[in-house]
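These notes are about the structure you will find just below.
The values are calculated or read from the model by the stated rules, or taken from the named source; none is laboratory data. These figures come from a predicted structure and were not determined experimentally. A quick note on method: Cβ atoms are made from the backbone with ideal geometry, for glycine too, and the neighbour counts reach across all protein chains shown.
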Ligand code: URP
Ligand code: ZN
Ligand code: ZN
């Protein structure tokens, strides 16, 4: 008689800490046992495969609403398809505030749209206007509804917050028990430099990188950490592009501050050179912060190994190359300043990190699991339900052929975006099956999941993001309505 509904038999189980040969027994949507000789009603032969937790992508943009109306091209159905094809079973996307508006209405709209998801999901709430109403009335409601992270931009028109508004968000997060995630680049310096480049006729995509050199990211990271330290509010720094930024995080960690760092595959395999292609082609590689160079990429791997960088997310952004609403929304002669930023990467995240990391000997499989699943689940309050393989956790798994070689093409990634910046990249290691809460939702590249089967992940309070209690002079400014 079968003890389990489904057994993943004979694979090598990879947890954040260990690798061992074992079967995984699943009952309903949970892992029930890890052992040998487990008997299931159904079984999947995983001999020769790695059995890893489903990926948790804690930074991706799906159906993000645009200020002029409409949404990003990547829908919840196509985005979920790409995620599942690439071994990711949970995502955290964004709910955006438009200046002059609140955050409750957009969040309701994002939740309505996400009802079509085929992956499990949560949101970061972006704050672009730290009004009294938002800070003192709406943020507490949003956090109470299970959206326990706020995102701020220190650059970008029209999203950026000045330091005072940023402090108000940090203080609101401290009062309500949320994490703050930060896009770190210096707004005024980028604006000034952009104006100078454009005045000099330097308008092509490659000047995007010239407009925002790494010290502007480093400066903003330093400032974000200092302000968060003053308020005693934990933060995560998004999409760290190079070691000099990560060094700011290392110094903060060394002083026991609660500061975490995320990087993305684009910073491992792209460089500023990629934007220097003929015509408009460089737009395909434009994201912010800008990719740097090969030495910076190699340096990031060391910082992953040293536990300075905690997470590799995709920062998947839904801009196609050919469509009139994507990269060329302002025409192919648009100056770099007006070309939408961001690159697609939901489906390619795990293959690139595995191939560049594990297959090339830079990290071991347990580190890979921590970076793409365990650490994001822990930092964003989803652990241990997500991000590991243990009895009682959600049966989210990816079965991985570590030897399978593929050349990345856009078609393999199954997103709606009409290109990938990684076209032609050779990878070793590929997902052969994805299991989401006990259901096989991808096998050999074929995604079979019903829209609407993804679950909203409400995130309650958790210890990791509790303030440390260390306040300068013992004074808690966040207790006041300022
Ligand atoms: O260029 C990027 N990263 N686009 C997406 C928006 C953001 O800054 O995360
Ligand atoms: Zn950002
Ligand atoms: Zn982003």
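Is it the case that some residue within segment 84-91 is over 30 Å from residue 479 (Cα atoms), in contact with a strand residue (DSSP E or B) (Cβ under 9 Å, 6 or more places away or on another chain) and within 16 Å of ligand 3 (Cβ to nearest atom)?
So far as segment 84-91 goes, yes, one or more of its residues are over 30 Å from residue 479 (Cα atoms), in contact with a strand residue (DSSP E or B) (Cβ under 9 Å, 6 or more places away or on another chain) and within 16 Å of ligand 3 (Cβ to nearest atom).
Run down 312, 245, 240 and say which single residue is within 16 Å of ligand 1 (Cβ to nearest atom) and closer than 28 Å to residue 81 by Cβ.
Testing whether each residue is within 16 Å of ligand 1 (Cβ to nearest atom) and closer than 28 Å to residue 81 by Cβ leaves just 312.
Residues are listed down the side, and each one gets a yes or a no for (1) at pLDDT 95 or above; (2) in contact with a strand residue (DSSP E or B) (Cβ under 6 Å, 6 or more places away or on another chain); (3) within 16 Å of ligand 3 (Cβ to nearest atom):
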residue	(1), (2), (3)
244	yes, no, no
250	yes, no, no
264	yes, no, yes
271	yes, no, no
284	yes, no, no
289	yes, no, yes
297	yes, no, no
300	yes, yes, no
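Among the residues in segment 277-284, are any in contact (Cβ under 8 Å) with a residue 12 or more places away in the chain, buried (at least 17 other Cβ atoms within 10 Å of the Cβ), within 22 Å of the chain's Cα centre (by Cα) and under 26 Å from residue 423 (Cα atoms)?
Looking through segment 277-284, at least one residue is in contact (Cβ under 8 Å) with a residue 12 or more places away in the chain, buried (at least 17 other Cβ atoms within 10 Å of the Cβ), within 22 Å of the chain's Cα centre (by Cα) and under 26 Å from residue 423 (Cα atoms).
Just a yes or no: is a residue in segment 311-325 surrounded by fewer than 22 Cβ atoms within 10 Å (Cβ to Cβ), away from ligand 3 (no atom under 16 Å from the Cβ), free of Cβ contacts under 8 Å to residues at least 40 places away in the same chain and not in a loop (DSSP other than H, G, I, E, B)?
No, segment 311-325 contains no residue that is surrounded by fewer than 22 Cβ atoms within 10 Å (Cβ to Cβ), away from ligand 3 (no atom under 16 Å from the Cβ), free of Cβ contacts under 8 Å to residues at least 40 places away in the same chain and not in a loop (DSSP other than H, G, I, E, B).
Just checking, which of 199, 178 is at pLDDT 95 or above and buried (at least 21 other Cβ atoms within 10 Å of the Cβ)?
178
Restricting to segment 244-264, name every residue that is more than 15 Å from ligand 2 (Cβ to nearest atom) and within 21 Å of residue 208 (Cβ to Cβ).
244
State the number of residues belonging to segment 144-191 that are out of contact with any strand residue (DSSP E or B) (no Cβ under 8 Å at 6 or more places or on another chain), in a loop (DSSP other than H, G, I, E, B) and within 16 Å of ligand 1 (Cβ to nearest atom).
Residues in segment 144-191 being out of contact with any strand residue (DSSP E or B) (no Cβ under 8 Å at 6 or more places or on another chain), in a loop (DSSP other than H, G, I, E, B) and within 16 Å of ligand 1 (Cβ to nearest atom): 4 in total.
Just to verify a result, which residue in segment 148-157, among those that are within 16 Å of ligand 3 (Cβ to nearest atom) and touching a residue at least 40 places away in the same chain (Cβ under 8 Å), is surrounded by the fewest Cβ atoms within 10 Å (Cβ to Cβ)?
Checked segment 148-157; the qualifying residue surrounded by the fewest Cβ atoms within 10 Å (Cβ to Cβ) is 156.
How many of the residues making up segment 212-242 are within 16 Å of ligand 3 (Cβ to nearest atom) and either touching a helix residue (DSSP H, G or I) at 6+ places or on another chain (Cβ under 8 Å) or not in a loop (DSSP other than H, G, I, E, B) (or both)?
11
Take residue 89 and decide whether it is touching a residue at least 60 places away in the same chain (Cβ under 8 Å) and in a strand (DSSP E or B).
Considered against the rule, which asks whether it is touching a residue at least 60 places away in the same chain (Cβ under 8 Å) and in a strand (DSSP E or B), residue 89 comes out as yes.
If I filter segment 348-359 for residues that are touching a strand residue (DSSP E or B) at 6+ places or on another chain (Cβ under 6 Å), within 16 Å of ligand 2 (Cβ to nearest atom) and farther than 30 Å from residue 77 by Cα, do I get at least one hit?
For segment 348-359, residues touching a strand residue (DSSP E or B) at 6+ places or on another chain (Cβ under 6 Å), within 16 Å of ligand 2 (Cβ to nearest atom) and farther than 30 Å from residue 77 by Cα: absent.
Would you mention how many residues in segment 335-348 are in contact with a helix residue (DSSP H, G or I) (Cβ under 9 Å, 6 or more places away or on another chain), in a loop (DSSP other than H, G, I, E, B) and closer than 15 Å to residue 206 by Cα?
Counting residues in segment 335-348 that are in contact with a helix residue (DSSP H, G or I) (Cβ under 9 Å, 6 or more places away or on another chain), in a loop (DSSP other than H, G, I, E, B) and closer than 15 Å to residue 206 by Cα gives 4.
Applying the selection to segment 158-175, what residues are buried (at least 20 other Cβ atoms within 10 Å of the Cβ) and either under 25 Å from residue 211 (Cβ atoms) or within 16 Å of ligand 2 (Cβ to nearest atom) (or both)?
Result: 159, 160, 161, 166, 169.
Exactly one condition in (1) crowded, with 24+ Cβ neighbours inside 10 Å; (2) more than 20 Å from residue 169 (Cβ to Cβ); (3) within 15 Å of ligand 3 (Cβ to nearest atom) is not met by residue 55; state its number.
Among (1) crowded, with 24+ Cβ neighbours inside 10 Å; (2) more than 20 Å from residue 169 (Cβ to Cβ); (3) within 15 Å of ligand 3 (Cβ to nearest atom), residue 55 violates only (3).
Are any of the residues in segment 32-45 crowded, with 18+ Cβ neighbours inside 10 Å and either within 16 Å of ligand 3 (Cβ to nearest atom) or within 28 Å of the chain's Cα centre (by Cα) (or both)?
no
Conditions tested, residue by residue: (1) at pLDDT 95 or above; (2) within 16 Å of ligand 1 (Cβ to nearest atom); (3) under 23 Å from residue 310 (Cβ atoms).
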{"position": "14", "(1), (2), (3)": "yes, no, yes"}
{"position": "42", "(1), (2), (3)": "yes, no, no"}
{"position": "50", "(1), (2), (3)": "yes, no, yes"}
{"position": "75", "(1), (2), (3)": "yes, no, no"}
{"position": "94", "(1), (2), (3)": "yes, yes, yes"}
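Could you identify the single residue in 341, 403 that is surrounded by fewer than 24 Cβ atoms within 10 Å (Cβ to Cβ) and within 16 Å of ligand 3 (Cβ to nearest atom)?
341
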